[in-house]
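The structure under discussion appears below in the form of structure tokens.
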Amino acid sequence: MFRISLMAAGLALTLAGASMAAEKPVLNVYTYDSFASDWGPGPKVEKAFEAICDCDLKFTTAGDGAALLARVQLEGKRSRADVVLGLDTNLTARAAASGLFAPHGITPENLAVPGGWNDPLFLPFDWGYFAFVYDKTKLGTVPHSFRELAAAPDSLKIVIEDPRSSTPGLGLLLWVKAAYGDKAPEIWKGLAPHILTVTKGWSEAYGMFLKGEADMVLSYTTSPAYHLIAENDNSKAAAIFDEGHYMQIEVAGKMATAPHPDLADKFLKFMMSEKFQSLIPTTNWMYPAVRLKEGLPKGFAAPIPADKALILSPEQALVARDAALAEWQSALSK
Amino acid sequence: MAERAEQVITPALVAGLGAAALVAALSLGTVAVVAGAAVSPMRLGAGDWAALKFTLSQALVSAALSCALAVPVARALARRSFAGRGLLVTLLGAPFILPVIVAVLGLLAVYGRGGLVSAVLVHFGYAPLSIYGFRGVVLAHVFFNLPLATRLLLQGWQRVPAEHFRLAAQLGMTTRDINRVIERPILRAVLPGAFATIFLLCVTSFAVALTLGGGPRATTIELAIYQAFRFDFDMGRAAALALMQFAIGALAAVLAWRMAQTRAQDPQLAPEVHRWDCAGFPSRVADSLGLLLVALFLLLPLAMVLIDGLRGIALLDGRVWLALGRSVLVALASAVLTLLLALALGLAAVSRRQGAIAGGFESIGFLSIAASPMVIGTGLFIILYPLVDPASMALPVTALVNAAMSLPFALRATLPALRQAEATHGRLADSLGLGGGMRFRLLHWPFIRPAAGFATGLAAALSMGDLGVVALFADPDAATLPLYLYRLMGSYQMTAASGAALLLVAASLALFAVFDRWGRAAR
Amino acid sequence: MILQLDKMTVRQGDFSLSADWSVKRGTRLALIGPSGGGKSTLLSLIAGFFEPDEGRLLIEGRDMRGVAPGRRPVSLLFQENNLFPHLSVARNVGLGIRPDLRLTREQHEAVERSLQEVGLEGMGARMPAQLSGGQRQRVALARALLRDKPLLLLDEPFAALGPALRAEMLDLVAGLLERTGATLLMVTHDPRDAERIADQTALVSDGKVTPPMPTARLLADPPAALRAYLG
């Protein structure tokens, strides 16, 4: 009785989801959740690509970049994914080592990513800088470096994401590491009194910041653009740090086991095109990977200069990660 | 008894075995699958022992505090009748079924640095409240679980026959005498189980503990499991941690059973008992004040969710209703599944009078409370991925896993009622030759209907709010309401998200209330 | 007069019950009538679990309005659940002396004596679950005996027992009353019980309690309502 009702429930619930366009080949793109959401680039990307590919683009989502990689690793060689979109360079060394990805064979042109690009497995589709975002109407003295932040009165509170469960959290860990190397533990010790709390993900942290729980939140330099463009609210700003800002470069790659390798290639090419890239700024709220003909949308601050960009190479990031995490944990557990 | 011993294999036993196998596969089986898929050996890291320590200490304190506070609250509710008492009891159920993220933001809106209490403090020149740290974790867990403890204790009070309170009145017992003669035995019977349940719920906590814990000190085992999957992709360690969590669960369950004293229960229920010992002014003031404080503590954050949500609800479009529809479907399926599982296990447990087998069915039903949602989801994914598209299974898997997670509560609610039915009228049913369906309909169902209503409502509501279990099965084109809510938040749509949160809370509460009322109707 | 019901009425929703009569000390009064007629309600009123909506209720000449059940000179035996299942027989009886059970040696002896009087000698250490239904009600009776209140109310505590055992219990009650001089109000649905023990009987039906009459006379020439009940 139990099993029958389970099957009946399953049937009833899945019928609605059954695909109608069964004849066309299906391109499976794995991505993180907010990319495919109604407010992200996903729906527009799907429409634009389906107009030229004679295929059905289907998104499959995992929580964020790291969850995405874990998912692909879990599926391994049986994976039905064609393209994985949404890893970042802090993850690509591990992704490459898994042997699950195939070379893309594309030489990107007109690239806007600081520092150039030569990864044979992954192509960048957008990028941004991690930064602490604050409310101009509320925060009087804005710190302009980690040291200034550490020296600020204890009442200045920041909320950050946990590196173990969040991409920006890991970004901050590597930011401090890239800027201060062996001195990173000292910086963390200085920051500790200001860290109100550590959240599981970006949403929780940003939500708490907007509710006035903390004075600053770890986010992106492009976050204020969202408030300005979508909400006509210019009160939010990103604090620019003298040490420079750690970059997040988001990438996509083709699976070695892709059921539709040709479509996957076509999609990666499309990803680097003006059509796809022009969607990025006001849907994913990041900088596009290529220079747009029209330039950045109004309200989007120009990126901080490339010489202020900090980043560890994928291999460095992989090596630095575990030690940096241990330092972070011990500094904040005191 | 001889008559029934002839039937060795009864339908009840078969159904019970089936349900037990399913639950065991979901909870322990998935750990085995994850361990089997691991390339790394099953071992623990140095940080994991710190996680164990933190997990245990916060869970112990949270459970102890929840139970300690629940005693006066349940007592006050049991001995006072006032307008709105029923509504208050229903609303007290709300925090327990709130989605984690909604509850945390609601709590912070009251007790946070930018919350109501801090605003008042700052206004009068004091420093804002600081709740982050161990106390924040405990505060949040008490917020979630005090209502559950209260509800469980209240059920204990309601099992006391009305004559006992009358007898106490006639014998001129003081409040203190009643406490010793009537209430303490109730507490001895109910508290260990309530404590163990809440302890285990706090053991598997993750996002709440992290967010309010203020930093990596507040790392629970469940967070370590999450880290093992997502950050290290070390499934051996994940499996080892999951087993550690099971061991804690088993230990807690055994201790609870040892401490709990079972006693004969009388069938007469007295929902609101008039009490003569506590008509005095001081005791009335104490009860009213206690209830008021607890109501404020629990309902203010809910009120903040409401106020916040009203602004956001206008920003929602039609898609949110689709998501709501899916969630309600999942919740209903999950509720029905929970009830079927609980009945299958419960009936199998009472159909055997020998302790070992009955105890076996019972303990299997409680397995899933110590299970790691992350491990269940991953294990199922490993099994199902080669066979089907996980996204196409999103809703059935959500319903199934949520049903397994709600099963311990459903069993805790229905099993005592089933036992009572067998104890008081089992022989009558035997003598009338009532077996199978008739026995269930005439003997068991009337007794367990209120408990079944409560349990089904709880399962439906818990299923509405939960999403963590099935992230791997999420279907991007058919989001449930919690997923939709997280997506809004992940896309800067915080105001709309609070609208969705309000909708989620309202729908969960409504589902709970409908089932609960249905259970209590027509006695 | 031990008990006076002075134009007393109580209402519970649609149901109402009124009585206007009194009972002399030492009377044994049976309350008879159809179930749902209000017999138990009347006992609950006297015991103080409800208050009358109109009129007065006096025990030993004292108006009982506002007097808590425990302060009324009354002992009431329920149909069931007279004992706390987790307390031993002796402790259940001992509650009748001191609810906090801090008993002196003499009080313990008194408990044992009253158990003896109801025929449960040496059973003080047993738990209620180990006793038969009749024995359990004997324990309750022993407690009532020990409390020694002038008014004993029985709400059909022996209804579940067989005829022989019931008769035995009634005789036991009668014997005890003989010795203590207490007044008895007893709910019953069986006229034979009334005949056996009660010198007076009152009919409870249609929301009214008729004034008590001698049992023999009432049963010899029953009014219409009682005839309908007796069938």
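The values are calculated or read from the model by the stated rules, or taken from the named source; none is laboratory data. Predicted model only: the values in this text are computed from it and were never measured. Virtual Cβ from ideal backbone geometry, glycine too; neighbours counted across all protein chains shown. The area values use the complete protein model at the heavy-atom level, side chains included, leaving out ligands, DNA and RNA. Shrake-Rupley method; radii C 1.70, N 1.55, O 1.52, S 1.80 Å.
Could you please tell me which pairs satisfy a Cβ distance under 8 Å, a separation of 6+ or placement on different chains, a first residue in region A:62-73 that is in contact (Cβ under 8 Å) with a residue 12 or more places away in the chain and β-branched (Val, Ile, Thr), and a second residue that is open to solvent by 20 Å² or more (accessible area, probe 1.4 Å) and not in a helix (DSSP H, G or I)?
A:72/A:98
Looking only at region A:106-147, filter to residues that are out of contact with any strand residue (DSSP E or B) (no Cβ under 8 Å at 6 or more places or on another chain) and surrounded by fewer than 16 Cβ atoms within 10 Å (Cβ to Cβ); which one of those is nearest to residue A:286 (Cα to Cα)?
Once the filter is applied, the top-ranked residue is A:116.
Which pairs do you get when a residue that is open to solvent by 10 Å² or more (accessible area, probe 1.4 Å), found in region B:98-109, comes within reach of a residue that is not in a helix (DSSP H, G or I), reach meaning Cβ atoms under 6 angstrom, with the pair 6+ apart or on two chains?
B:109/B:115
State yes or no: is residue A:266 away from every other protein chain (no Cβ under 14 Å), open to solvent by 40 Å² or more (accessible area, probe 1.4 Å) and at pLDDT 95 or above?
Yes, satisfied.
Return the residues of region C:23-63 that are within 13 Å of chain B (Cβ to nearest Cβ), touching a helix residue (DSSP H, G or I) at 6+ places or on another chain (Cβ under 8 Å) and of a type in the set (A, V, I, L, M); say none if nothing qualifies.
Hit for region C:23-63 is C:47, nothing else.
In region B:404-446, what count of residues is obtained for those that are open to solvent by 40 Å² or more (accessible area, probe 1.4 Å), under 12 Å from residue B:351 (Cβ atoms) and modelled with pLDDT of 80 or more?
So the count comes out to 2.
Among the residues of region A:244-255, are any modelled with pLDDT under 95, touching a Phe, Trp or Tyr at 6+ places or on another chain (Cβ under 8 Å) and open to solvent by 20 Å² or more (accessible area, probe 1.4 Å)?
Within region A:244-255 (the criterion being modelled with pLDDT under 95, touching a Phe, Trp or Tyr at 6+ places or on another chain (Cβ under 8 Å) and open to solvent by 20 Å² or more (accessible area, probe 1.4 Å)), the answer is no, since none of the residues qualifies.
May I ask you to verify whether residue B:114 is in contact with a Gly (Cβ under 6 Å, 6 or more places away or on another chain) and either assigned to a helix (DSSP H, G or I) or farther than 30 Å from residue B:184 by Cα (or both)?
In short, yes.
Answer with yes or no whether residue B:276 is modelled with pLDDT under 70, assigned to a helix (DSSP H, G or I) and not charged (D, E, K, R).
Numbers: modelled with pLDDT under 70: yes; assigned to a helix (DSSP H, G or I): no; not charged (D, E, K, R): yes.
No: the conditions fail for residue B:276.
Quick check, is residue B:516 touching a residue at least 24 places away in the same chain (Cβ under 8 Å), of a type in the set (D, E, K, R) and within 14 Å of chain A (Cβ to nearest Cβ)?
no
From the list B:391, B:333, B:399, which one is under 22 Å from residue B:480 (Cα atoms), within 11 Å of chain A (Cβ to nearest Cβ), among the small types (Gly, Ala, Ser) and surrounded by fewer than 24 Cβ atoms within 10 Å (Cβ to Cβ)?
Only one candidate passes the filter, namely B:391.
Can you name the residue in region B:38-85 that is within 14 Å of chain A (Cβ to nearest Cβ) and among the aliphatic types (A, V, I, L, M) and is also least open to solvent (accessible area, probe 1.4 Å) among such residues?
My answer is B:51.
When you go through B:104, B:160 one by one, which is the residue that is farther than 17 Å from residue B:293 by Cα, modelled with pLDDT under 90 and either within 15 Å of the chain's Cα centre (by Cα) or in a loop (DSSP other than H, G, I, E, B) (or both)?
B:160
For the structure I just gave you, tell me whether residue B:471 is under 26 Å from the mean Cα position of the chain (by Cα), modelled with pLDDT of 85 or more and part of a helix (DSSP H, G or I).
When the stated conditions are applied, residue B:471 does not pass them.
Report yes if residue C:105 is open to solvent by 50 Å² or more (accessible area, probe 1.4 Å), among the basic types (Lys, Arg) and closer than 19 Å to residue B:174 by Cβ, otherwise no.
No.
Answer yes or no as to whether residue B:510 is surrounded by fewer than 22 Cβ atoms within 10 Å (Cβ to Cβ) and either of a type in the set (Gly, Ala, Ser) or more than 24 Å from residue B:312 (Cα to Cα) (or both).
When the stated conditions are applied, residue B:510 passes them.
What is the one condition in (1) more than 11 Å from chain B (Cβ to nearest Cβ); (2) surrounded by fewer than 23 Cβ atoms within 10 Å (Cβ to Cβ); (3) out of contact with any strand residue (DSSP E or B) (no Cβ under 7 Å at 6 or more places or on another chain) that residue A:184 does not satisfy?
Of everything listed in (1) more than 11 Å from chain B (Cβ to nearest Cβ); (2) surrounded by fewer than 23 Cβ atoms within 10 Å (Cβ to Cβ); (3) out of contact with any strand residue (DSSP E or B) (no Cβ under 7 Å at 6 or more places or on another chain), residue A:184 misses just condition (2).
Out of all the residues in region A:283-309, which are open to solvent by 20 Å² or more (accessible area, probe 1.4 Å) and in contact with an Asp or Glu (Cβ under 7 Å, 6 or more places away or on another chain)?
A:284, A:292, A:293, listed by residue number.
Out of region C:170-211, which residues are part of a loop (DSSP other than H, G, I, E, B), open to solvent by 20 Å² or more (accessible area, probe 1.4 Å) and touching a strand residue (DSSP E or B) at 6+ places or on another chain (Cβ under 9 Å)?
Answer for region C:170-211, where residues must be part of a loop (DSSP other than H, G, I, E, B), open to solvent by 20 Å² or more (accessible area, probe 1.4 Å) and touching a strand residue (DSSP E or B) at 6+ places or on another chain (Cβ under 9 Å): C:189, C:199, C:210, C:211.
Mind checking which residues of region A:131-161 are outside any loop (DSSP other than H, G, I, E, B), within 25 Å of the chain's Cα centre (by Cα) and over 14 Å from residue A:172 (Cβ atoms)? So that I can check it myself, show each step before the final result.
Pass one, region A:131-161, residues outside any loop (DSSP other than H, G, I, E, B): A:131-135, A:146-151, A:158-161.
Now drop any that are not within 25 Å of the chain's Cα centre (by Cα), which leaves A:131-135, A:146, A:149, A:158-161.
Result: A:134, A:135.
Kindly provide the set of residues from region A:316-334 that are free of Cβ contacts under 8 Å to residues at least 60 places away in the same chain, part of a helix (DSSP H, G or I) and at the interface with chain B (Cβ under 9 Å from one of its Cβ atoms), ordered by number.
A:322, A:326, A:329
Tally the residues that are at pLDDT 90 or above and either surrounded by fewer than 21 Cβ atoms within 10 Å (Cβ to Cβ) or not aliphatic (A, V, I, L, M) (or both), restricting the search to region B:310-330.
So the count comes out to 9.
Report whether or not residue A:280 is surrounded by 18 or more Cβ atoms within 10 Å (Cβ to Cβ) and not assigned by TED's automatic domain parsing to the domain that holds residue A:91.
Against the criterion (surrounded by 18 or more Cβ atoms within 10 Å (Cβ to Cβ) and not assigned by TED's automatic domain parsing to the domain that holds residue A:91), residue A:280 does not qualify.
Please go through region C:80-100 and give me each residue that is of a type outside the set (Gly, Ala, Ser) and more than 8 Å from chain B (Cβ to nearest Cβ), ordered by number.
Selection gives C:83, C:89, C:91, C:92, C:93, C:97, C:98.
Looking only at region C:72-93, count how many residues are among the polar types (S, T, N, Q), open to solvent by less than 60 Å² (accessible area, probe 1.4 Å) and closer than 28 Å to residue C:25 by Cα.
2
Could you grab me the full set of residues in region A:210-255 that are in contact with a Leu (Cβ under 9 Å, 6 or more places away or on another chain), touching a residue at least 40 places away in the same chain (Cβ under 8 Å), within 22 Å of residue B:487 (Cβ to Cβ) and within 11 Å of chain B (Cβ to nearest Cβ)?
If the condition is that a residue be in contact with a Leu (Cβ under 9 Å, 6 or more places away or on another chain), touching a residue at least 40 places away in the same chain (Cβ under 8 Å), within 22 Å of residue B:487 (Cβ to Cβ) and within 11 Å of chain B (Cβ to nearest Cβ), then A:213, A:225, A:236 are the ones that fit.
Yes/no matrix, rows are residues, columns are (1) at pLDDT below 90; (2) open to solvent by less than 20 Å² (accessible area, probe 1.4 Å):
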position: C:24; (1), (2): no, no
position: C:48; (1), (2): yes, yes
position: C:59; (1), (2): no, yes
position: C:70; (1), (2): yes, no
position: C:95; (1), (2): yes, yes
position: C:112; (1), (2): no, no
